[in-house]
Amino acid sequence: MFATLSDRLTATFKSLRGKGRLTEADVDATVREIRRALLDADVALPVVREFTSRIRERATGAEVQQNLNPAQQVVKIVNEELVAILGGETRRLRFSKNPPTVIMLAGLQGAGKTTLAGKLGRHLKQNGNRPLLVACDLQRPNAVNQLQITGERAGVDVFAPEPGNGVGDPVSVARQGLEHARHHHYDVVVVDTAGRTGVDAEMMQQAIDIRAAVTPDEVLFVLDAMVGQDAVATAEAFRDGVGFDGVVLTKLDGDARGGAALSVRQVTGQPVMFASTGEKLDDFELFHPDRMASRILD
Ligand code: GDP
């Protein structure tokens with residue numbers, strides 16, 4: 001994960017080793033290297049600008065007087081600023097005081113929503129909840145069936161449209177799913193929705209309509225981390241369309257660069273909450289900005 005960025009940053013810090021103090025030229029060279037490494041990792045330009053200006057300010061500022069050598073000081077500053085752009089604190093799910101808590105998943109087709117629904121369901125179950133997955137992706141052939149299989153593997157119940165009963169109308173399935181959950185005392189409902197291969201008005205309207213029908217406590221935007229810079233435009237379109245409260249980064253296992261992961265929080269203003277790191281149900285974790293920063297700087 002993010003191997004190139006890690007290597008580049010480590011090499012930059014190495015070049016500072018043994019220095020007694022940092023000259024302006026040292027800071028310039030370091031900031032330049034960090035900037036290049038971030039741009040090569042596909043981090044969004046405004047994020048790179050803000051990040052490097054914070055590093056420059058802090059590395060040249062009064063702060064550089066502690067009992068650390070210059071290389072250690074720069075590592076510390078970069079670490080803290082990485083944690084900050086990754087969101088600072090771990091953002092956990094907010095549960096409704098009046099269950100069921102409704103979690104809606106939104107994102108492009110192939111982002112990993114259906115897979116995530118199973119992982120999230122399992123995670124919730126392990127934490128003592130009684131989740132229900134609701135299959136509202138009626139766009140992609142087989143998506144309902146895929147959710148049913150995922151749910152079965154995860155040991156989590158799935159609400160799917162009955163033939164002839166609201167088939168073709170995801171908003172009505174979402175409503176029925178929520179009703180079913182209330183009736184059968186599920187305490188969390190995870191609504192899987194349809195995506196398209198690109199952002200389009202009809203898909204966004206459908207997501208908006210489902211949102212209006214089930215008033216979710218959390219809308220999670222599911223983002224394939226491997227798409228790099230394009231992720232930023234997609235995230236902005238979903239923020240301005242259906243809107244969302246948190247981000248789930250998927251396919252981090254295949255993301256060698258890290259651009260989407262490092263940009264999405266700053267660009268959308270919403271925190272990354274979970275990470276999906278493989279196709280198996282277990283490949284799922286809470287997103288901890290501090291741990292992610294440590295991994296990058298390891
Ligand atoms: P959806 O269209 O958003 O519902 O996407 P799916 O859940 O069907 O996922 C699309 C593809 O990505 C499937 O082949 C999944 O197995 C795969 N996938 C989902 N999450 C991950 C992940 O974290 N890592 C990897 N390597 N593959 C994933």
Discussion item. I need a count of the residues in region 1-20 that are exposed (fewer than 12 other Cβ atoms within 10 Å of the Cβ) and at pLDDT below 85.
Written reply: 2
Worksheet entry | Flag for residue 193 being under 24 Å from residue 160 (Cα atoms), polar (S, T, N, Q) and either surrounded by 23 or more Cβ atoms within 10 Å (Cβ to Cβ) or within 12 Å of the ligand (Cβ to nearest atom) (or both) | yes
Worksheet entry | Only listed residue being at pLDDT 95 or above and within 18 Å of the chain's Cα centre (by Cα), chosen from 132, 108, 147 | 108
Practice prompt. Could you please tell me which pairs satisfy a Cβ distance under 6 Å, a separation of 6+ or placement on different chains, a first residue in region 134-151 that is near the ligand (Cβ under 9 Å from one of its atoms), and a second residue that is part of a helix (DSSP H, G or I) and at pLDDT below 95?
Written response: 137/143
Discussion item. Going by what's in this entry, would residue 267 be described as farther than 28 Å from residue 98 by Cα and part of a loop (DSSP other than H, G, I, E, B)?
Written reply: no
Discussion item. Report every pair of residues separated by at least 6 positions or lying on different chains whose Cβ atoms are under 8 Å apart, first residue within region 93-116 and closer than 18 Å to residue 242 by Cβ, second basic (Lys, Arg) and within 15 Å of the ligand (Cβ to nearest atom).
Written reply: 105/113; 106/113; 107/113; 108/196; 109/140; 109/196; 112/251
Discussion item. Just to be sure I understand, how many residues within region 274-293 are open to solvent by less than 40 Å² (accessible area, probe 1.4 Å) and either within 10 Å of the ligand (Cβ to nearest atom) or closer than 20 Å to residue 110 by Cβ (or both)?
Written reply: 8
Item to complete: With the condition kept exactly as written, say whether any residue in region 180-187 is buried (at least 17 other Cβ atoms within 10 Å of the Cβ), of a type in the set (Gly, Ala, Ser) and either in a loop (DSSP other than H, G, I, E, B) or in contact (Cβ under 8 Å) with a residue 60 or more places away in the chain (or both).
Response: yes
Practice prompt. Only one of these is under 9 Å from the mean Cα position of the chain (by Cα), assigned to a helix (DSSP H, G or I), within 16 Å of the ligand (Cβ to nearest atom) and of a type outside the set (Ser, Thr, Tyr): 261, 235. Name it.
Written response: 261
Fill in: Residue check for residue 242: touching a residue at least 24 places away in the same chain (Cβ under 8 Å), more than 15 Å from the ligand (Cβ to nearest atom), open to solvent by less than 30 Å² (accessible area, probe 1.4 Å) and of a type in the set (Val, Ile, Thr)
no
Worksheet item: Consider residue 216 against the criteria (1) in a helix (DSSP H, G or I); (2) more than 12 Å from the ligand (Cβ to nearest atom); (3) open to solvent by 10 Å² or more (accessible area, probe 1.4 Å): it satisfies all of them except one. Which criterion is unmet?
Response: (1)
Item to complete: Being within 15 Å of residue 111 (Cβ to Cβ) and small (Gly, Ala, Ser) narrows it down to one of 177, 168, 198, so name that one.
Response: 198
Item to complete: Among the strands (runs of 3 or more DSSP E) lying completely within region 80-179, list those that include at least 1 residues that are open to solvent by less than 10 Å² (accessible area, probe 1.4 Å) and under 30 Å from residue 294 (Cβ atoms).
Response: 101-106
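The values are calculated or read from the model by the stated rules, or taken from the named source; none is laboratory data. Because the structure is predicted, anything quoted here is derived from the model rather than measured. Ideal geometry is used to build each Cβ from the backbone, glycine not excepted, and the neighbour counts take in all protein chains shown. Surface accessibility is based on the protein's heavy atoms, side chains included, excluding ligands, DNA and RNA. Shrake-Rupley method; radii C 1.70, N 1.55, O 1.52, S 1.80 Å.
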